Every structure is written in C-alpha cells, then in structure tokens.
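Worksheet: the structure to be examined is printed underneath.
All of the numbers you see were taken from the coordinates with simple rules; none came from a lab. Here the structure is a predicted model, which is why all the values come from computation and not from measurement. Glycine also receives a Cβ, built like all others from the backbone with ideal geometry; neighbour counts cover every protein chain displayed.
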Amino acid sequence: MVQQTIEELYIQVLERKKNPQEGSYTNYLYQKGLDKILKKVGEESTEVILGAKNNKEELIYEASDLLFHLMVLLVEKGVTFNDIKDELGSRLGQKSLLHERKDWRGE
Ligand SMILES: N=c1c2ncn([C@@H]3O[C@H](COP(=O)(O)OP(=O)(O)OP(=O)(O)O)[C@@H](O)[C@H]3O)c2ncn1[C@@H]1O[C@H](COP(=O)(O)O)[C@@H](O)[C@H]1O
C-alpha cells in the first residue's frame, strides 16, 4: 500500500501555495480564503467525532480529511511544520520532567 507521511502532505500542500496547479482542490481552498478553510476544518472535526462513534474505517477516513485541511490551514497562516515539531518537542521535555518529579516524590 502506498503511504504518505503528514510531513510529505504538508510539503505538497505548501508546494501548491507556491506553484498553483489547475484542478487542484488545495488551490481551490486557497482561492476561497481563510474563512472557507476554517469552515472545512470545523466540518471535518465534527466528522471525526461522528466517525469515531461509528467505526474505525470511518474514523481513519475522516481523520485523514481533517489532517489534510489542517495542513492547508497551517500553510495559509504561515505556520511551518518545524513550528509544530518544535512545540511538540518542547512538550515532550516538559512531560519527561513532570514524570521525573513524580518519581522523586515516589508517586
Ligand atoms: N489529502 C488530500 C485530501 N483529503 C481530502 N481532500 C479533498 O477534500 C474534499 C473533502 O470533501 P468534502 O465533501 O468535504 O468537500 P467538497 O464537497 O469536495 O468541497 P467543498 O466545496 O465542500 O469545499 C474532497 O474534495 C477531497 O478530495 C483532499 N485533497 C487533496 N489531498 C492531497 O493534497 C495533495 C494535493 O492535492 P491537489 O491540491 O488536489 O492537487 C495531494 O497529495 C492529495 O492527495
């Protein structure tokens, strides 16, 4: 099965911003603007919730839709993939520290 990482998807979505392509759904969203992108992120978030209540396949499908639209939002707002990785990385450090503190207290 062909697989695509979220980072590869981000790069493709970024590439569409730099070099618009005819027939591209991503470019259609950029053209419509921020409010349209936000509406899609909202809709897809709701669909993830509904999908999760139904079955795993639906959750996978809707989560993929949400991730795609989230990537479009990040590019539209100038948030880089590295910004997200830095934020997640900083949390990883905080979590480890929290666990270590609990260990010191014997919790
Ligand atoms: N991962 C996706 C992806 N996931 C979902 N979608 C599109 O998101 C839309 C979601 O369906 P909806 O019914 O909610 O929306 P719609 O009725 O088609 O459109 P709206 O008028 O509601 O906006 C569908 O048109 C899907 O094709 C995606 N479109 C593109 N990609 C990837 O983005 C990259 C660039 O694609 P293009 O921009 O199409 O070249 C490629 O890697 C694609 O695989």
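Extension gain for residue 54 to residue 94 (0.36 nm times residue separation, less C-alpha to C-alpha distance): 10.9 nm. Under the simplified labelling scheme, the residue 8-residue 24 pair shows an inter-label distance of 1.8 nm, with each label point 7 Å from Cα along Cα→Cβ. Assuming a ≥ b ≥ c are the square roots of the Cα gyration tensor eigenvalues, decide whether region 5-93 counts as rounded (a/c under 1.5), prolate (otherwise, with a/b larger than b/c) or oblate. Cα axes put region 5-93 in the oblate bin. Per-residue ellipticity at 222 nm computed for the chain from its helices equals -27500 deg cm²/dmol, with DSSP H segments shorter than 4 residues left out and the rest contributing -39,500 (n - 2.57).
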